[in-house]
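Working notes for the structure below.
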Amino acid sequence: QPFEMMMFLILYFFHLETFHSDALAAGVKLYNFIKKISNKYITLFFGPLADKDNKKLNISFVAKKKLIRSAVKRNKIKRRLRNIMNEAVKKLSINFNYSYLVIAKITMLNNEYAIIKDTLFQDIEKIK
């Protein structure tokens, strides 16, 4: 059960930015995630969520205060992730049946946007 507890604590202690506000209301249910993709920029948890509207993308972004002390830097990372996901929705076939939790890593700050976008696009395409 440590995975379930970790997911609950992440959602409880961190403010999440979402495309759809129901993600926060359903945040307690996110411990049901069964799959994970990780690269040097993010860790992406995803899985089906009960009572989810399949017409809306349910995604949450986390930039941990413990890793990234500056609020300005955390906000920059979350802006980058939001922009990448907006492009991904337009260009890729994203599974709207899943809910997503994106946890950013500090390496998002030190690399070019295009490189990060390409890496994330490759990982998002792996999700079926």
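Table for the structure above
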item	result
Value of Rg/Rh across the range 27-128 [Cα atoms, Kirkwood radius]	0.95
Whole-Å distance, taken between Cα centres, linking the range 92-122 and the range 57-78	13 Å
Candidate lysines - alpha carbon under 20 Å from LYS73, same-chain residues fewer than 8 apart omitted	LYS40, LYS64, LYS65, LYS105, LYS117
Accessible area of the range 43-128 belonging to carbon and sulfur atoms, whole % at 1.4 Å probe	50 percent
LYS126/PHE96 FRET efficiency (R0 25 Å; Cβ-Cβ; nearest 0.05)	0.95
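The values are calculated or read from the model by the stated rules, or taken from the named source; none is laboratory data. Predicted, not measured: the structure shown is a model, and the values here were computed from it. Using ideal geometry, Cβ is built from the backbone for each residue, glycine included, and neighbour counts are taken over all protein chains shown. Accessible surface is based on the protein model in full, side chains and every heavy atom, while ligands, DNA and RNA are left aside. Shrake-Rupley method; radii C 1.70, N 1.55, O 1.52, S 1.80 Å.
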